[in-house]
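Rule-based calculations on the coordinates, nothing more; no lab input. Values in this document were obtained by computation on a predicted structure and should not be read as measured data. Here the Cβ positions follow ideal geometry from the backbone for every residue, glycine too, while neighbour counts run over all protein chains shown.
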Amino acid sequence: MIISGFTIIRNAVINDYPILEAIRSILPMVDEMIVLVGDSSDNTLALIESINDEKIKIHHSLWDINNSKGGSILAVETNKALKYVNPQSDWLFYIQGDEVIHEKYHSGILKGCNDFKNDQRVEGLLFRYLHFYGTYDYVGDSRTWYANEVRIIRNDKNIQAFRDAQGFRKNNEKLSVKPIDACVYHYGWVKSPKQMQLKRKNVAGFWNIEAIMEKEPDFFDFSQFDSLEKFKGTHPAVMLERIQNKNFHMNLDIQKKKFSFRDKLLYQFEKITGIRLFDFKNYRILK
């Protein structure tokens, strides 16, 4: 069984993406790691080169920001990266620049890849998500955050990134997938208030909202959340140095809930049953 990892990255230093941790978190599971580095105005390329692993294969890309709509530039670049993977690979493992896999899931992920390798009905493997918010101590637990997404796809040229590359489609149809016992740790909303707002302004062009962001203050208000809970688990080992070196602190009141009546009922139902009603799913789960 051959597994290719792939990712895209641009301006990782300016925007403080944990891209090194993201890549290192899946390196033990892949046979090669394709990194498509965009035209950055910082030392992103040197950062990727510092990993110094023979599995890493760096390619370069010029991002056409002017042709971006609704984050589509991210799908365009992700699809470019797909073209560089080993054509003999069975599975392709996608990781975004702010996503990390805990080492405790490695064996389960590889088992899933092996179990479904010859089942051609399975076009992708579905991961659970933990979305960290503000600091490494809080996770979003409301419907604001997507609960699952596909991060391993079959090596099929008809499978492409969808919309802003949150997920994938095959010939514009949802993928048929199997859930596996693995979770993606998403750290995209863990930054200081100043760094968070700077990153949001830097990427505003991907969604054509530059004019809106220009009117925003220079500090992000982390108090504007609907529901959080304290994180009680452990972080991936590759994240420990970053967590230890963080230079910001905040206390968020997890007792505060900001729901409409409808969302409050749906939230309570999910907490009791574990079922998320009326949730958009960018995939089809095979029985």
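What to note about this one:
- Flag if LYS157 is of a type in the set (D, E, K, R) and touching a strand residue (DSSP E or B) at 6+ places or on another chain (Cβ under 7 Å): no
- Filter pass, ASP98 being in contact with a Phe, Trp or Tyr (Cβ under 6 Å, 6 or more places away or on another chain) and surrounded by 14 or more Cβ atoms within 10 Å (Cβ to Cβ): yes
- The C-beta contact set for segment 215-241 (first residue touching a residue at least 24 places away in the same chain (Cβ under 8 Å), second residue among the β-branched types (Val, Ile, Thr) and assigned to a strand (DSSP E or B), distance under 7 angstrom, 6+ apart or interchain) comprises LEU228/VAL139; GLU229/VAL139; PHE231/VAL139; PRO236/VAL100; PRO236/ILE101; VAL238/VAL100; MET239/VAL100.
- Looking only at segment 234-246, and only at residues there that are in a loop (DSSP other than H, G, I, E, B) and touching a Phe, Trp or Tyr at 6+ places or on another chain (Cβ under 9 Å), the one that is farthest from ILE26 (Cα to Cα): LYS246
- Any hit, segment 115-138, residues being surrounded by 20 or more Cβ atoms within 10 Å (Cβ to Cβ), outside any strand (DSSP E or B), touching a helix residue (DSSP H, G or I) at 6+ places or on another chain (Cβ under 6 Å) and not aliphatic (A, V, I, L, M): no
- ILE212 vs. criteria under 30 Å from SER68 (Cβ atoms) and either surrounded by 11 or more Cβ atoms within 10 Å (Cβ to Cβ) or free of Cβ contacts under 8 Å to residues at least 40 places away in the same chain (or both): yes
- Note on segment 87-105: residues that are more than 18 Å from LEU20 (Cβ to Cβ) and assigned to a helix (DSSP H, G or I) total 2.
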